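The values are calculated or read from the model by the stated rules, or taken from the named source; none is laboratory data. None of these values were measured; they are calculated from a predicted model. Cβ atoms come from the backbone with ideal geometry, glycine included; neighbour counts cover every protein chain shown.
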Amino acid sequence: MARAGGMNKQVIIQQATETQADDGHNTQTWTTFATIWVEFVVLKGSVGVGGETIQGDRPMAESNQQLKARWLAGITPKMRVNFGGRIFNIRSIVNPGERNRDMILFVTEKVS
């Protein structure tokens, strides 16, 4: 079970929403799904070849972390976590013991 005292960072879970602009093309915006308290746990500094991935012509490191939180139904890997403007993509969600009491979000942040 996640300790309440360790959950000392407030984050926003966001979901993508498609909207149609005036000129007819679709745009993706991110809206708030929930605001929750989490505990950050760093898993490893970076992944990929040489610890970097390439985006365009710039190498980018990836920071892999897990966020421990109280259970909240409805979160999916299509969502993301916003922590003070830092964006973490949700890779997977674990429900320890399938008890719907706690959850662990495995997330990745691209660091340029």
Those residues of the range 91-102 which are assigned to a strand (DSSP E or B) and without any contact (Cβ under 8 Å) to a residue 60 or more places away in the chain amount to 91, 92, 93, 94
Return yes or no: is residue 68 of a type in the set (Lys, Arg), closer than 20 Å to residue 8 by Cβ and at pLDDT 95 or above?
-> yes
